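Shown next, in structure tokens, is the structure this report addresses.
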Amino acid sequence: MGKKVIFLADMESFYASVETARNPSLRGKPVAVCGDPALRHGIILAASREAKAYGIKTGQPAWEAKRMCPWVVFIHPSMQTYIDYSIRITRIFEQFSDRILPYSIDEQFLDLTGLENIFGSPHKIAAALIELVWEETGIRCRIGMGENPLQAKMACDCFAKKTSGAFFELSSNNYAFYTRPLPIKSLFGVGHRMERNLNRIGVRTIGHLAALPRKMLQRRWGVNGEVLWLNAHGIDYSTVDPDTAHEQKGVGHTATLPRDYRRQQEIELVLLEMTEEVCARTRRLGKIGATVHLYCKGADFNNPTGFSRQKKLPESTATAAEVFPTVRTLFRQHWNRMPVRAVGISLTGLTVYSQLKFSFGSCYRQEEILAKTVDMVRERFGKTCLFRASSLKPGAQFLQRAGKIGGHDS
């Protein structure tokens, strides 16, 4: 069997590119998509190529971007529009392959193995895809190619985005040559914390990591160490299977707060609202979760604090009444009493719901009936027709975030 041909197609500055495509008068101008600059939501979500030239980058506060480029054009995000454009791009890709796996709203994997006799060489297919996406959407597409998804991702992120042709190929033959000189933070799977951990043992480049014994990394970081060693060598056993997109392993919700939250009562109120949102989405999938994960980020940019912890629930469930006590326990155990700027909750270990798990008449069964009743009422009359009275208290975010997609206006 021949080598796999895997593409990762990434859309350049996707949100900003969509806004420019919708309004051609913005072309050539520094454009930044962000929430309300008057609130904490004024965080840069995407910056055009021209804005990036001034040093503006994703995750930056709007006020800082304005200081770097006084004439930057701020655009309020329109999440439903971005979703619609993403779907349009998928339809373009479907003209070439039915093996497509969305990785994010602006990135998609394509398996084009065996299609060379139909569409030509991989380079020719990539050029055709890039041209079609531009012609039909006005968005620039960059493509990385590899023999597996990891190589394609690395080819795109580390090289295709920086080449004039917007295409780059990695393979088992050239992976070491191109990637080993790169800084360790360039390796897929290495975040800020892992970068610091690796720096402490003298690992500065991907080549340094690749030279370490596999068993040493296994002993130090377990499965994560094993995966990092494989990534450093360009080894990836995963496939581009469209069915995996439907095998959702968890449901999560993360929010940047409109201001620094200092009071425990206000933080826990937001956590309760987010727990209800996560549980409602889990119920819509017809599933229940076994493990809850809590993420909390401190407000100090210069001295980052926070935590990320998870805990197995006493019993798999999808009702806030059963999940929130564990969320609250995790928060009280690990919060350092410092101001909080972002929180996140996820429910994982999903399994298909079975009524046999509840004893009839139990309090758990009653909570489940109540939760599903609320779901039905909201589905018919709208999300804000029924909510907790506590969501009227200071610090609550339910009413402000209702009707939004990804925390932004739809």
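Sort out which residues of segment 136-158 are surrounded by 16 or more Cβ atoms within 10 Å (Cβ to Cβ) and in a helix (DSSP H, G or I), and write them in order of number. Working first, answer last.
So in segment 136-158, the residues surrounded by 16 or more Cβ atoms within 10 Å (Cβ to Cβ) come out as 137, 139-158.
Result: T137, P149, L150, Q151, A152, K153, M154, A155, C156, D157, C158.
Checking the conditions here, which among L257, L269 is crowded, with 21+ Cβ neighbours inside 10 Å and at pLDDT below 90? Give the derivation first.
Numbers: L269 fails: at pLDDT below 90.
Among L257, L269, only L257 is crowded, with 21+ Cβ neighbours inside 10 Å and at pLDDT below 90.
Report yes if some residue within segment 164-180 is in contact with a strand residue (DSSP E or B) (Cβ under 8 Å, 6 or more places away or on another chain) and β-branched (V, I, T); otherwise report no.
No, segment 164-180 has no match at all.
Hey, R309 hits all of (1) out of contact with any His (no Cβ under 8 Å at 6 or more places or on another chain); (2) modelled with pLDDT of 85 or more but one; which does it fall short on?
Here R309 meets the rest and fails (1).
Per-residue answers, yes or no, for (1) part of a helix (DSSP H, G or I); (2) modelled with pLDDT under 95; (3) crowded, with 16+ Cβ neighbours inside 10 Å; (4) not assigned by TED's automatic domain parsing to the domain that holds S186:
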{"site": "I87", "(1), (2), (3), (4)": "yes, yes, no, yes"}
{"site": "G114", "(1), (2), (3), (4)": "no, yes, no, yes"}
{"site": "N117", "(1), (2), (3), (4)": "yes, yes, no, yes"}
{"site": "I130", "(1), (2), (3), (4)": "yes, no, yes, yes"}
{"site": "W134", "(1), (2), (3), (4)": "yes, no, no, yes"}
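With the requirement that a residue be of a type in the set (A, V, I, L, M, F, W, C) and modelled with pLDDT of 90 or more, what does segment 344-361 give you?
Within segment 344-361, the subset of a type in the set (A, V, I, L, M, F, W, C) is 345, 347, 350, 352, 356, 358, 360.
Scanning segment 344-361 gives I345, L347.
Restricting attention to segment 97-108, and to residues there that are part of a strand (DSSP E or B) and over 23 Å from L45 (Cβ atoms), which single residue is modelled with the highest pLDDT? I'd like the intermediate steps shown before the answer.
Of all residues in segment 97-108, those part of a strand (DSSP E or B) come to 100-104, 107-108.
When the remaining residues are screened for being over 23 Å from L45 (Cβ atoms), the result is 100-101.
Details: I100: 93, L101: 90.
Among residues in segment 97-108 that are part of a strand (DSSP E or B) and over 23 Å from L45 (Cβ atoms), the one modelled with the highest pLDDT is I100.
Working carefully through the options T239, T291, T275, T254, find the one that is outside the structural domain of F188 (by TED's automatic domain parsing), part of a helix (DSSP H, G or I) and among the hydroxyl-bearing types (S, T, Y). It would help to see each step written out before you state the result.
Numbers: T239 fails: part of a helix (DSSP H, G or I); T291 fails: part of a helix (DSSP H, G or I); T254 fails: part of a helix (DSSP H, G or I).
Every option except T275 fails the conditions.
Hey, among the residues in segment 278-288 that are among the aliphatic types (A, V, I, L, M) and outside any helix (DSSP H, G or I), which one's nearest to the chain's Cα centre (by Cα)? Spell out the reasoning first.
Step one: of segment 278-288, the residues among the aliphatic types (A, V, I, L, M) are 278, 280, 285, 288.
Narrowing further to those that are outside any helix (DSSP H, G or I): 285, 288.
Working: L285: 20, I288: 22 Å.
Here the answer is L285.
Starting from segment 22-35, take each residue that is under 15 Å from V72 (Cβ atoms) and without any contact (Cβ under 8 Å) to a residue 24 or more places away in the chain and list its partners that are surrounded by 14 or more Cβ atoms within 10 Å (Cβ to Cβ) and of a type in the set (D, E), counting only C-beta distances under 8 angstrom and pairs at least six apart or across chains.
Final answer for the pair search is G28/E50.
Just checking, does segment 64-80 include any residue being of a type in the set (D, E) and either under 17 Å from the mean Cα position of the chain (by Cα) or under 21 Å from L170 (Cα atoms) (or both)? Before you say what the answer is, go through the steps one by one.
Step one: filter segment 64-80 for residues of a type in the set (D, E), giving 64.
Those still in the list that are either under 17 Å from the mean Cα position of the chain (by Cα) or under 21 Å from L170 (Cα atoms) (or both) too: none.
No; the residues of segment 64-80 include none that is of a type in the set (D, E) and either under 17 Å from the mean Cα position of the chain (by Cα) or under 21 Å from L170 (Cα atoms) (or both).
For every residue, the table says whether it meets (1) over 19 Å from S13 (Cβ atoms); (2) polar (S, T, N, Q).
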site	(1), (2)
P70	yes, no
F74	no, no
N117	yes, yes
G120	yes, no
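Restricting the search to segment 68-127, which residues are of a type in the set (D, E) and touching a residue at least 40 places away in the same chain (Cβ under 8 Å)?
Initial filter on segment 68-127 (of a type in the set (D, E)): 84, 94, 98, 106-107, 111, 116.
D98, D106, E107, D111, E116, listed by residue number.
The values are calculated or read from the model by the stated rules, or taken from the named source; none is laboratory data. If you're wondering where the values come from, they're calculated on a predicted model, not measured in any experiment. Don't worry about glycine lacking a Cβ; one is built from the backbone with ideal geometry, like all the others, and counts go over all protein chains shown.
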